[in-house]
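Asks: There's a structure below that I have some questions on.
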Amino acid sequence: MRTDRTFTMLKPDAVEKGHIGAILEKINASGFRIVAMKLTQMTTADAKEFYAVHRERPFYGELVEYMTRGPIVAAILEKENAVEDFRTLIGATNPADAAEGTIRKLYAASIGENAVHGSDSDENAAIESAFHFAGREMF
Ligand code: UDP
Ligand code: MG
């Protein structure tokens, strides 16, 4: 299992607000190399599967609605210790708890609409990357 890659999505709220460029700039400036990237929109079935781990949670329906309402930027990022360092860069799930300077502190509106996704383990980074990208789209 490789430890130098993570998967991210710039979520529909971040795309709607025109924050793609600013967030990618911050990702680059933090030492991550983009090894795959595309603008895409998840179907309801896609979002239900991607977030299946949360299917019993009260916010699951809203989460699926939110994540399918417009395009996202999906990307795979490479850096030593990628999963943990990217979670640090994005900040806490709830922007109210996110550290100063983190992506969620800067660009997230609420715990639901929180601008960006970051994988929580090396195993999930691999699963989520394969969910969105074919091998020939990863560099
Ligand atoms: N979420 C939500 N309400 C909550 C917790 C999470 O709407 O109380 C949404 C939010 O968009 C979050 C996603 O569900 O990013 C996945 O939740 P998770 O706990 O995995 O947070 P993350 O790993 O994204 O920080
Ligand atoms: Mg999570």
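Read-outs throughout are calculated quantities, based only on the coordinates presented, and are distinct from any laboratory measurement. Computed from a prediction, not measured in an experiment: that's the story for all the values here. Because the Cβ atoms are built from the backbone with ideal geometry, glycine has one as well, and the counts that use them run over all protein chains shown.
Asks: Taking DSSP loops as anything outside H, G, I, E and B, show the longest stretch in the chain free of trypsin sites (Lys or Arg not before Pro) there with at most 12 other beta carbons within 10 Å.
Replies: Between the exposed loop sites, the longest stretch runs 56-139.
Asks: At R0 = 25 Å, how high is the FRET efficiency between ALA96 and ARG55 if r is their beta carbon distance? Nearest 0.05 is fine.
Replies: So the FRET efficiency works out to roughly 0.50.
Asks: So what's the gap between the Cα centers of the stretch 59-107 and the stretch 115-134, to the nearest angstrom?
Replies: Here the two parts' Cα centres lie 12 Å apart.
Asks: 5 Å is the cut-off here: which amide hydrogens, built 1.01 Å from N in the peptide plane, fall below it relative to ALA98, excluding neighbours closer than 5 in sequence?
Replies: Answer set, sorted by chain and number: ALA92.
Asks: Once you have the alpha carbon radius of gyration of the stretch 78-139, what is it after dividing by 2.2 N^0.38 Å, with N set to its residue count?
Replies: Against the compact-globule rule of thumb, the ratio is 1.23.
Asks: Report, ordered by chain and residue number, the aspartates and glutamates lying within cross-link reach of LYS17, taken as a straight Cα distance under 13 Å and ignoring same-chain residues fewer than 8 apart.
Replies: GLU113
Asks: For ASP97, what is the net charge nearby, where nearby means another residue's Cβ is under 12 Å from its Cβ and Lys, Arg count +1, Asp, Glu -1?
Replies: It works out to a net charge of +1.
Asks: Please give the net charge around ALA125, taking every other residue with its beta carbon less than 10 angstrom from that of ALA125, where Lys and Arg add +1 and Asp and Glu add -1.
Replies: -3
Asks: Rounded, prolate or oblate: pick one for the chain, where a ≥ b ≥ c are the square roots of the eigenvalues of its C-alpha gyration tensor, a/c under 1.5 means rounded, and failing that, prolate if a/b is larger than b/c, else oblate.
Replies: Rounded, since a/c falls under 1.5.
Asks: Taking a quarter of the surface of the Cα convex hull of the stretch 1-41, what do you get in nm²?
Replies: Working: hull surface 14.0 nm².
Quarter of the Cα hull surface area: 3.5 nm².
Asks: Could you tell me the relative contact order of the chain? Use alpha-carbon pairs under 8 Å, at least six residues apart, and round to a whole percent.
Replies: About 38 percent, as a whole number.
Asks: Per 0.36 nm of contour for each residue apart, how much would the distance between ASP4 and PHE139 grow if the chain were fully extended, relative to their Cα-Cα spacing?
Replies: 47.3 nm
Asks: Using a 10 Å cut-off around each Cβ, can you sort VAL53, VAL116 from fewest to most neighbouring Cβ atoms?
Replies: Sorted ascending by nearby Cβ count, the order is VAL53, VAL116.
Asks: Quick one: what are the phi-derived ³J(HN,Hα) couplings along the stretch 34-40, Karplus 6.51/-1.76/1.60 with θ = phi - 60°, whole Hz, x for glycine and proline?
Replies: Per-residue couplings from phi come out as 7, 10, 7, 6, 7, 8, 8 Hz.
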